[in-house]
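Notes for the one structure printed next.
The values are calculated or read from the model by the stated rules, or taken from the named source; none is laboratory data. From a predicted model like this one, the values you see are computed outputs, not experimental measurements. Heads up, the Cβs are rebuilt from the backbone with ideal geometry, glycines too, and the neighbour counts pull from every protein chain shown. These accessible areas exclude ligands, DNA and RNA; they are computed on the full protein's heavy atoms, side chains included. Shrake-Rupley method; radii C 1.70, N 1.55, O 1.52, S 1.80 Å.
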Amino acid sequence: MAEIQAESRMLIDGKLTDAASGRTFTNINPATEEAIGEVADGGAEDVDRAIGAARQAFDETDWSSNRELRKRGLEQLKAGLENHREELRPQIVAEVGSPVALTYAVQLDSCIGDLQWDIDQIDAYQWEYDLPVHEFMGSTSLRKVIHEPIGVCGAITPWNFPFMLNLSKLGPALAAGNTMVLKPAPDTPWSATAIGRIIAEETDIPPGVVNIVTAGDKAEVGEVLTGDPRVDMISFTGSTMTGRRIMARGAETLKRVFLELGGKSANIYLDDADFASTVPGSAMTCTHAGQGCAITTRILLPESRYDEGVELLKAAFEALPYGDPTDVSNLMGPLINERQRDRVLGYIEKGKAEGAKLLVGGGRPAAFPKGWFVEPTLFVDVDPDSTIAQEEIFGPVIAVIKYTDDNDAVRIANNSSYGLSGGVVSASLDRAMAVARRIRTGTVSVNGGMWFGPDAPFGGYKDSGIGREHGVAGFEEYLETKTVGMPAPIG
Ligand code: NAD
């Protein structure tokens, strides 16, 4: 892999810049616990300047109305990302601890390609249309519906798929004509600063349209963004707890909020499924150490074939290759930081204390004394109301739950405060679809089908969020709607 030459500076008003305070914070490789670089430690003063620049770029340049400029700028950004792809790959692996194999898919390669979908919306989207002539209170009117960008969008992203999530917000927000302030997670600043450098050096995107503020403190910059009246919208991905905080704080200035939050999704194996060819695939939930909001961390097996399913899962979990994330054969690396590692170990202890049976893993692997690793961990005979079946662990810890019939499976799947994703596997597509329709989640995989894509709306029911990312529904999150009435021509 290429040498790492990461960008340490933020992007504010078109310039790559250090923090006003001159402070930096240390980026740490979670697989080695070693420092890999220093990054600008932005604070209130920096984000204030970034918001001012974004506001000015929205109000005083033609970015919001000039579609050709937006198309050119985003095409240049995509080309820049493609040209720098092999420099980005080791940066992402080093700061995220993601298995390099995932960078050939969702962590890097596919999300650069997916940017094209947003660019295409600039021409394809129906920006305005006429309603039928209408009579109201004695006047006959033509009415035109016009979609416009919202204004300044604050984007706050987490560390699990940082590069992809940064682009998932930048793509539609910019294509729609907004300006932005992006605040990445403290654990993964390079996945944002790399984009900032390409925007500054290789695109015609005007100064102030995209601002990137990195910070070692988790909350300070985000709190300013969500409270500032110059910001019109917050687009957030992260924990449900922080999502609640953002919504409450955003209420003071009546911000629009898009929230993509946690999950505790269930994968249901119906009793007619081909277990041998499908159940082992459930071990893939531990890819990237279970740090995915939409992964199916509860596995529901029918009582009639429970032992058979458990045996297959045990073998698959024991065989999962993990360790050094730079090794392409590994499917799982470490947790992002020590706090998350300890949090996950805490859940494992809780699972044992509440009576679940630990079948595989359950601790720190002896083979990796350095790095925040936790073994792929399989709990069986899990009570669906217990803590490890209810709370998002965000680690490689899977709960196997027994059910009696299809109704019971649906009831258990829906027995969650979350509603992000899920899966159903059956020999009968009709039967699987009937169950999928009853699951209260934003996405469902049927018989292993993949719902993910730049054109596919993704988001949660219940505590898993508000709004949708991707697809037309995701694009429209970043738009306002204006209706204009005018006298209809006579005759
Ligand atoms: P978090 O929700 O606190 O952090 C996500 C982002 O929000 C980061 O950029 C963070 O700096 C920012 N943030 C934190 N407090 C803020 C505030 N008050 N105002 C504005 N922004 C704020 O998540 P975390 O603490 O890094 O991880 C904790 C748990 O969150 C994990 O264990 C996991 O359950 C969950 N999580 C979920 C996702 C997801 O994709 N749904 C991603 C990461 C973490």
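See the values below:
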{"read-out": "Pair Glu60, Ser277: separation of 7 Å Cα→Cβ label points (nm)", "value": "6.4 nm"}
{"read-out": "Highest average packing first - 228-234, 262-268, Cβ atoms within 10 Å", "value": "262-268, 228-234"}
{"read-out": "Student exercise, segment 265-453 dipole from Lys, Arg, Asp, Glu Cβ charges, in Debye to nearest 20", "value": "520 debye"}
{"read-out": "Contour minus Cα-Cα distance for Lys352 and Glu318 (0.36 nm per residue)", "value": "10.3 nm"}
{"read-out": "Backbone HN-Hα couplings from phi across segment 8-23 [Karplus 6.51/-1.76/1.60, Hz, Gly and Pro as x]", "value": "9, 9, 7, 10, 9, 6, x, 10, 6, 9, 7, 5, 4, 6, x, 6"}
{"read-out": "Residue-wise HN-Hα coupling along segment 136-148, computed from phi with Karplus coefficients 6.51, -1.76, 1.60 (Hz; x: Gly, Pro)", "value": "8, 6, x, 10, 9, 10, 8, 10, 10, 9, 10, 9, 10"}
{"read-out": "Ranked order, Met450, Met332, Met433 - accessible area, probe 1.4 Å, largest first", "value": "Met450, Met433, Met332"}
{"read-out": "Check: the chain dipole with +1 on Lys, Arg Cβ and -1 on Asp, Glu Cβ, in debye", "value": "800 debye"}
{"read-out": "The chain, relative contact order in percent, only Cα pairs under 8 angstrom and at least six apart counted", "value": "18 percent"}
{"read-out": "Which of Pro325, Asn337, Ala356, positive extreme of dipole for segment 312-366 (C-beta unit charges)", "value": "Ala356"}
{"read-out": "Gain upon complete extension [Asp120, Arg440; 0.36 nm per residue less C-alpha separation]", "value": "112.1 nm"}
{"read-out": "Given charges at Cβ of Lys, Arg, Asp, Glu: the chain dipole, positive-most of Ile412, Gly37, Thr285", "value": "Ile412"}
{"read-out": "The chain - percent of accessible surface contributed by carbon and sulfur, probe 1.4 Å", "value": "51 percent"}
{"read-out": "Point-to-point label distance, Asp204-Glu308, nm (Cα→Cβ direction, 7 Å offset)", "value": "6.3 nm"}
{"read-out": "Inter-part distance where segment 286-345 and segment 95-169 are each reduced to a Cα centre, Å", "value": "32 Å"}
{"read-out": "Surface per residue (accessible, 1.4 Å probe) for segment 265-453, Å²", "value": "39 Å²"}
{"read-out": "Stretch gain in nm, segment Ser329-Glu34, where the contour uses 0.36 nm per residue and the Cα spacing is subtracted", "value": "104.0 nm"}
{"read-out": "Förster-model FRET efficiency, 41 Å R0, Thr26 and Lys71, C-beta, rounded to 0.05", "value": "0.60"}
{"read-out": "Unit charges at the beta carbon, dipole of the chain: most positive-side option, Gly73, Gln116, Thr157", "value": "Thr157"}
{"read-out": "Per residue value of the accessible surface for segment 11-112 (all protein chains in place, 1.4 Å probe), Å²", "value": "40 Å²"}
{"read-out": "Spin-label pair Lys482/Tyr461, simplified geometry with 7 Å Cα→Cβ offset, distance in nm", "value": "3.7 nm"}
{"read-out": "Modelled FRET efficiency - R0 45 Å, Asp381 with Leu254, Cβ distances, 0.05 increments", "value": "0.40"}
{"read-out": "Solvent exposure ordering (accessible area, 1.4 Å, most first) of Glu7, Glu86, Glu375", "value": "Glu86, Glu375, Glu7"}
{"read-out": "Unsatisfied cross-links (Cα-Cα over 22 Å) in the set Lys218/Lys370; Lys352/Lys462; Lys169/Lys218; Lys352/Lys402; Lys183/Lys264; Lys357/Lys402", "value": "Lys218/Lys370; Lys352/Lys462; Lys183/Lys264"}
